[in-house]
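Encoded as structure tokens, the structure appears first; notes follow it.
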Amino acid sequence: MRKLTRGLAAICLTAALVLGQAALTRADEAYGPGYRNGVSISDTSKSEKQTTAETAEGVTTEKAETALANAGIDIGQEGDGGGEDGVVDEATKAAQEALKANFPRLQTTVMTGDGNWTQPFVNDAWITNDGKGFHGLSTFLTNIVGNVLYRTYTSGTGWSPWVMNGQQTTNYPNDVNIEAIQMRFSGYVNNQFDLYYSAKLEDGTTTGWAKNGTSAGTMGTGHYITGFRMAFYAKNSAFPYKTDKALISATADGMQIIDGGLRYFNGDGTPFSGWAWLGNDRYYFKDSMPVVGWQYIDGFKYYFDLNSGKMLTDLEPLIGNNGPFFISINKQMNCMTVFAKDGANGFIIPVKSFLTSTGPDTPLGTFQTPEKYRWRDMNHGIFTQYATRIWKGFLIHSILYSRPNKMTLDPTTYNYLSIAESAGCVRLLSGDAKWIYDHCALGTTVTIYESPVPGPYERPAIEQIIPETQTWDPTDPNM
């Protein structure tokens, strides 16, 4: 299995750097520091660097402010103690440097009997419990931008909810053993790597390798998992090990094309109802049939494509952008959801979701937006675009710039969005901040809360990182 350890030397080189972060990966909490996973940043050519640097230096802060003032745009400046200070603490700096390895590091612990958790297993090591079953799972992803998501199955409870980046799956009692698992990447890491995993059962059977969210283990056989391992390979590259019989079951589990239509059956042969995933695409089934169109599910109103059955996560093309809207910010998960109103049912239509960076001082509660600013001096030379005030010194705004000039972006605030903390404000990619600025009128209600569930949609992720020398935001529609 040497091929599975390809690149472990690179991990050894970065292990010392990530040790401080890895030491936090304790499974005695419901979630962990894996929410802030890693980043790698590529480089650009010399000519690109020169062009970017020359453009960035082309307008000084004073001249830019004067030009904007002459155009009738008042930047203004936040008072001391506002929601942005531009400070990156030493621990975050060290983690950021380590995370430039651009090579995933998966660290996994499993719950054994009586609520105890094993020591961490790293990457493709066999994750075992001395031949005994598992009752919970927690996996961290570091060293690269993106998320690892996972869930577990038992015959008595079905699939647990998806969790991510160090969160714990459902913790089962000692007499309930995990029978199957599903794992997948999202964001940049998913664009670079495929995630494989294989399980070992208590009868000694080793399954084939499952991939990118499909099932590994067993269903409906009375057996359970006593070990599993993971491997990641460059996206769409050849995988040298067997991928058949990843799930030992009476029938095939998951989505299938039957008589020309999409169907979902459990591995024990019973009809399936509930949420289902194909990679990172999401569906909902009733009695093994996919729903389509508008559907009320779990208190929200979703829309599913009429042809494919896939749930849509951007409803602006369907319902427009005129509002009114309601902004919901999950501080714990760094996720914002914008809701539209469904008549007397209230704001239950999730229009779209955005990745955010918040901070310990981000206030919890419900507020109404009182002011907006095209550019804002947040703290003596830290500028943001498309700023909407939430309350006092706390604003929703773009990532950070050194001047009121769209060519002076701090690229780390793009790549590390959701990883680096703000001083209390809510950061968005510039394009997302502009959407709020343009379409959410003054007086829009904003609720900030904490929950381990991102929202009605899964948390977005950075899909493509930018070089350290790129000083403009590719999501900014004004570029």
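The values are calculated or read from the model by the stated rules, or taken from the named source; none is laboratory data. Fair warning: this is a prediction, and the values are worked out from it, not measured in the lab. Note: ideal-geometry Cβ built from the backbone for every residue, glycine included; neighbour counts use all protein chains shown. Ligands, DNA and RNA are excluded from the accessible area calculation, which covers all protein heavy atoms including side chains. Shrake-Rupley method; radii C 1.70, N 1.55, O 1.52, S 1.80 Å.
Overview of values
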| item | result |
| --- | --- |
| Region 406-442 - residue that is among the aromatic types (F, W, Y) and open to solvent by 10 Å² or more (accessible area, probe 1.4 Å) and, of those, farthest from the chain's Cα centre (by Cα) | Y437 |
| Per-region count, region 410-437, residues hydrophobic (A, V, I, L, M, F, W, C) and outside any loop (DSSP other than H, G, I, E, B) | 5 |
| Filtered residues of region 199-222 (kept if in contact with a strand residue (DSSP E or B) (Cβ under 8 Å, 6 or more places away or on another chain), within 22 Å of G113 (Cβ to Cβ) and open to solvent by 60 Å² or more (accessible area, probe 1.4 Å)) | K200, E202 |
| Every pair of residues 6+ apart whose Cβ atoms lie under 8 Å, when the first sits in region 403-421 and is under 14 Å from E468 (Cα atoms) and of a type in the set (S, T, Y) while the second is part of a strand (DSSP E or B) and open to solvent by 30 Å² or more (accessible area, probe 1.4 Å) | none |
| Residues being without any contact (Cβ under 8 Å) to a residue 60 or more places away in the chain, small (G, A, S) and in contact with a Phe, Trp or Tyr (Cβ under 8 Å, 6 or more places away or on another chain) - total across region 222-264 | 4 |
| Unmet requirement for S308, which otherwise passes all of (1) over 19 Å from the mean Cα position of the chain (by Cα); (2) closer than 14 Å to Y449 by Cα; (3) small (G, A, S) | (2) |
| Region 142-172, residues that are part of a strand (DSSP E or B), within 12 Å of the chain's Cα centre (by Cα) and modelled with pLDDT under 95 | none |
| Which numbered condition I390 misses (of (1) part of a strand (DSSP E or B); (2) open to solvent by 20 Å² or more (accessible area, probe 1.4 Å)) | (2) |
| Options I257, I327: the member that is surrounded by fewer than 20 Cβ atoms within 10 Å (Cβ to Cβ) and out of contact with any Leu (no Cβ under 9 Å at 6 or more places or on another chain) | I257 |
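Per-residue answers, yes or no, for (1) part of a strand (DSSP E or B); (2) within 30 Å of M311 (Cα to Cα):
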{"position": "N322", "(1), (2)": "no, yes"}
{"position": "I327", "(1), (2)": "yes, yes"}
{"position": "T337", "(1), (2)": "yes, yes"}
{"position": "P363", "(1), (2)": "no, no"}
{"position": "P370", "(1), (2)": "no, no"}
